[in-house]
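The values are calculated or read from the model by the stated rules, or taken from the named source; none is laboratory data. What you see is a predicted model; the values in this text were computed from it and never measured. In this analysis, Cβ positions are derived from the backbone assuming ideal geometry, glycine residues included, and neighbour counts consider all displayed protein chains. Protein only, heavy atoms only, side chains kept; ligands, DNA and RNA dropped before computing areas. Shrake-Rupley method; radii C 1.70, N 1.55, O 1.52, S 1.80 Å.
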Amino acid sequence: MKRLMLKLGILCMSMMFYVCQATSNLHPVILVPGNGGNQLEARLTSGYKPSSLFCHWYPILKQKGGWFRLWFDPGVLLAPFTQCFADRMMLFYDKDTDDYRNAPGIETRVLHFGSTQSLLYLDPSLKRATAYMAPLVESLEEIGYVSGETLFGAPYDFRYGLAAEGHPSKVGSKFLLDLKELVEKATRNNGGKPVIIVSHSLGGLFVLQLLNKNPISWRKKYIKHFVALSTPWGGTVVQMVTFASGYTLGLPFVDPLLVREEQRTSESNSWLLPNAKVFGERKLVITPNATYSAHEITRFLDDIGFSGGVYPYTTRILPLMEQLIAPEVPITCIIGGDVRTPETLFYGENGFDEQPDVVYGDGDGTVNMASLLALEKLWANEKNQPLKVIRIGGISHTSILQNDSALAEITGEIYSINSHAFSSVL
């Protein structure tokens, strides 16, 4: 509490200084959301084959051109429409092209790239229930940031991921290219000041790949700092529930088995499976007939009935997971902790169609502490990698974007980065 009050005091005392300064004195900030952290739209084409009569006409109201919100749609809470949602969100791995694509008859688009608009609320008509980055954006505006001038957003189709070298990843690679161009544009439009990238969850894995796919000269010119919130550097045990039994993200009335197949096809979900470098030999899933560690994910995928996911996981995803390379850019990891987080899953005689019994450990409720702190261990001998970790007790994976004390830590860190930069030129 004393630490929080001190930070708030510093912010208050310094507010007048920054209000009096032009916004160009701030390093531009780009926000990169996590999995499910921005709106997606879809429309149906002639190739669409509805799985039921409900799906044929749902939703009744559509925008110009037939577009409608795919994520987040509160209709997913109603069983007849849950299946429609799952069918439309599903991806397909095409072995001939070695890449993922949408389901037949489904076109999707990401709205407002470069703006924070689609990151604020997952459904603008349900602001209180679906607020995502709105509290963080408001907190940044309070210290002088202006959306569209010094504050930007980088939404993306979070179902898609990236792939190891030598494998195409059309959608994910396009996002990295767009993000790179946004970084360069933000720097140009702010007097050459390099940017501060702030990511949440899965977004941090994309940002790390962006940094390491560009030369060190580019990083030094365009990146001031990378602030990673709740990043699952080494994956999560929760993902094994997702693949085995389906995971409803806490949404009421949703049958996890109705969304399980769709969740299995998500390329980014495979990227979030536990990394053996982080979880080691620890048994994560235990059944009457077998046990599975992070070293045995391929056998796990086969045994749960998802053998089609083994090839893309081993060829495209697994080599990518091993590329946690230090980018030699200053990084601050801000994480929650002291929240019960699934650590070991026990399945009974009824198999994977039922939810498991769970043994809990430390983490943020979604990401295990070993994964949140993975970079400290993996980069312990990286002398050219500035790394700082801020841990906030009692903060969950999503409340880090909404809790007042967490927001004070985040804005305080960004304020500090700007203050240090400003004082260094005095």
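Answer with one residue from L318, V146, A131: the one whose Cα lies farthest towards the positive end of the charge dipole of the chain, charges on Cβ with Lys, Arg +1 and Asp, Glu -1. Comparing the listed Cα positions along the dipole, V146 ranks first. With 22 Å as the limit, the listed pairs K185/K224; K185/K213; K95/K174; K170/K220 have K170/K220 beyond it between alpha carbons. Think of a 1.4 Å ball rolled over the protein heavy atoms: the chain then has 43 Å² of accessible area per residue.
Ligands, DNA and RNA excluded, the heavy atoms of L205 present near 10 Å² of accessible surface to a 1.4 Å solvent probe. Near the amide H of I390, within less than 5 Å, lie the amide hydrogens of C333, I334, I335, all on another chain or at least 5 residues away, with H placed in the peptide plane.
Loop-located GluC sites (Glu not before Pro) in the stretch 154-259 (DSSP state not H, G, I, E or B) with no more than 13 neighbouring Cβ atoms inside 10 Å: E165. Distance between the 7 Å Cα→Cβ label points at F346 and K62: 4.9 nm. Computed from Cα atoms, the angle from the helix 202-212 axis to the main principal axis of the chain rounds to 60 degrees.
Ranked from largest to smallest solvent-accessible area, with a 1.4 Å probe on the protein heavy atoms, H56, H397, H167 come out as H56, H167, H397. Annotation: amide H of D99 within the under-5 Å range of D94, sequence separation 5 or more or interchain, hydrogens built in the peptide plane.
Rounded to a whole number, what % of the accessible area of the chain do carbon and sulfur atoms account for, probe 1.4 Å? Of the solvent-accessible surface of the chain, carbon and sulfur hold 55 percent.
Write down the percent of antiparallel bridges among all DSSP beta bridges whose residues are both part of the stretch 242-383, to the nearest 5. Please report the intermediate quantities before stating the final value.
Working: 8 of 11 bridges.
Counting DSSP beta bridges with both partners in the stretch 242-383, the antiparallel share is about 75 percent.
Charging the Cβ of each Asp and Glu at -1 and of each Lys and Arg at +1, and nothing else, the dipole of the chain about its Cα centre rounds to 1220 debye. Taking Cα atoms only, the orientation of helix 256-265 departs from the longest principal axis of the chain by about 70 degrees.
Taking label points 7 Å from Cα along the Cα-to-Cβ direction, E165 and I325 give a separation of 0.6 nm.
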